[in-house]
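Engineer: Questions regarding the structure given below will be posed in turn.
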Amino acid sequence: MILDGAAIAQGVKESLRQRAAKLAARAGRKPCLAVVLVGDNPASRTYVQSKIKAAAFVGIEGREVEFPATVGEEELLDAVAALDADSLVDGILVQLPLPAQINPDRVLDVISPAKDVDGFHPQNVASLQLGRHCTVPCTPKGIIRLIDSTGTPIDGKTAVVVGRSNIVGKPLAKLLLDRNATVTIAHSHTQDLASITRQADILVVATGHAGLIDGSMVKPGAIVIDVGITRISPTRLKGDVDFASASQVAAFITPVPGGVGPMTVAMLMENTLECFESRLGL
Ligand code: GUN
């Protein structure tokens, strides 16, 4: 069965839209999400546009702030700090990756944890690891929702996460562990990857390596979540999982596009409402 992330995300955004309207009535203004885009990476531009569009749908004011690829680190830090100091801004997202002259850690550090809708600030990362209240990163949060949508309990299952990024692999592994899965993190140095992935009741692949996982590497009946998005032609995107072969073996599988991507955006909207609510004490 195909896990239709676009449809599930649409349902989430519709309920968030009602929640946003109630919060806005109480606050006397809409929540505001600032999205910072540096440079003209076409993929980043597409993602930022879809975030702004989703914000408009939900009833969140999207404030897009753009900088040329040549922007200096101090100028960018000052701009992000100004957004952070602006009491009318509830959430700040800086689209990654950033150009080489910018240290992303310095940029993420100037966003207060209370406005960190991505959950990338070290304080939110630490809180997630400690099991404290925090903003949960959007992509891992959306992946858990997708798995839950299958009705399959995560508790006790073997989960394999391929990829160890700070954005997806590491936080997702912790969320799966919190749900009592037995979690393995595999990566580019893993020997005999197929023997590991074939044990997975839940297999999540987030490497950016198009077609890395084929049907022979999937356990029959598994839930397969494909986080990869590689543009292989102007009109074609390809995931990290070979959909044609893996879909013959899996019980549930996400398509690319239309799987994880829309869920990430929906979770960003949810995180923005959570920040709005807690900042304003609504
Ligand atoms: N680049 C790729 N994924 C993400 C994300 O979830 N948030 C931000 N800010 N940048 C990204």
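The values are calculated or read from the model by the stated rules, or taken from the named source; none is laboratory data. Quantities reported herein were computed from a predicted structural model and do not represent experimental measurements. Quick reminder, even Gly has a Cβ in these numbers, built from the backbone with ideal geometry, and neighbours come from all protein chains shown. These accessible areas exclude ligands, DNA and RNA; they are computed on the full protein's heavy atoms, side chains included. Shrake-Rupley method; radii C 1.70, N 1.55, O 1.52, S 1.80 Å.
Engineer: With angles folded into 0 to 90 degrees, how steeply does helix 169-178 sit against the dominant principal axis of the chain? Use alpha carbons for both and round to 10.
Structural biologist: Here the helix axis deviates by roughly 80 degrees.
Engineer: Per residue, what volume in Å³ does the convex hull of the Cα atoms of the chain enclose?
Structural biologist: Convex hull of Cα atoms, per residue: 126 Å³.
Engineer: May I ask for the angle, rounded to the nearest 10°, between helix 42-58 and the longest principal axis of the chain, with both axes built from Cα atoms and the value confined to 0 to 90°?
Structural biologist: Compared with the principal axis, the helix lies near 70 degrees.
Engineer: Ok, one more. For residue 22 and residue 105, what is the calculated FRET efficiency with R₀ set at 35 Å and r taken between the beta-carbons, to the nearest 0.05?
Structural biologist: 0.45
Engineer: If you filter the stretch 1-54 for trypsin sites (Lys or Arg not before Pro), then keep DSSP loop positions with at most 15 other Cβ within 10 Å, what is left?
Structural biologist: 29
Engineer: Can you spot the aspartates and glutamates whose alpha carbon is less than 14 Å from residue 157's alpha carbon? Ignore those fewer than 8 places along the same chain.
Structural biologist: 148, 178, 201
Engineer: Near residue 51, which aspartates and glutamates are there with a Cα under 13 Å away, not counting those fewer than 8 places off in the same chain?
Structural biologist: 61, 64, 118, 270
Engineer: What pairs from 170/219; 53/141; 13/115; 30/174 go past 27 Å between their alpha carbons?
Structural biologist: Long pairs (Cα-Cα over 27 Å): 30/174.
Engineer: Give me the percent of accessible area attributable to carbon and sulfur for the chain, probe 1.4 angstrom.
Structural biologist: About 54 percent, which is the carbon plus sulfur part of the accessible surface.
Engineer: What do you get for trypsin sites (Lys or Arg not before Pro) in the stretch 80-147 restricted to DSSP loop and a cutoff of at most 15 other Cβ within 10 Å of the site's Cβ?
Structural biologist: Those that pass, being in a loop and sparsely packed, are 132.
Engineer: Does anyone have the angle between helix 260-280 and the longest principal axis of the chain? Alpha-carbon axes, 0 to 90°, nearest 10?
Structural biologist: 40 degrees
Engineer: Given the options 113, 220, 42, which has the most mean-square fluctuation in a GNM of the chain, springs set between C-alpha atoms less than 10 angstrom apart?
Structural biologist: Of 113, 220, 42, the most mobile in the Gaussian network model is 42.
Engineer: Treat every Asp and Glu Cβ in the chain as -1 and every Lys and Arg Cβ as +1, leave all other atoms uncharged, and give the resulting dipole magnitude about the Cα centre to the nearest 20 debye.
Structural biologist: It comes to approximately 740 debye.
Engineer: Would you mind estimating how fast the stretch 48-104 diffuses translationally, via Stokes-Einstein at 37 °C and 0.692 mPa s with the Kirkwood radius over Cα pairs, in µm²/s?
Structural biologist: In µm²/s, the coefficient rounds to 260.
Engineer: Pairs of Cα atoms under 8 Å, at least six residues apart: use those to get the relative contact order of the stretch 119-251, whole percent.
Structural biologist: 19 percent
Engineer: Moving to a separate point now. Given the C-alpha centroids of the stretch 213-246 and the stretch 1-64, what is the distance between them in whole angstrom?
Structural biologist: 26 Å
Engineer: Could you give the distance between the Cα centres of the stretch 118-152 and the stretch 179-209, to the whole Å?
Structural biologist: 19 Å
Engineer: Dipole of the stretch 1-128 (Lys/Arg Cβ +1, Asp/Glu Cβ -1, origin at the Cα centre): which of 67, 93, 41 lies farthest to the positive side?
Structural biologist: The Cα lying farthest towards the positive end belongs to 93.
Engineer: Run the helix sum for the chain: -39,500 (n - 2.57) per DSSP H stretch of 4+ residues, divided by residue count, reported at 222 nm to the nearest 500 deg cm²/dmol.
Structural biologist: -13000 deg cm²/dmol
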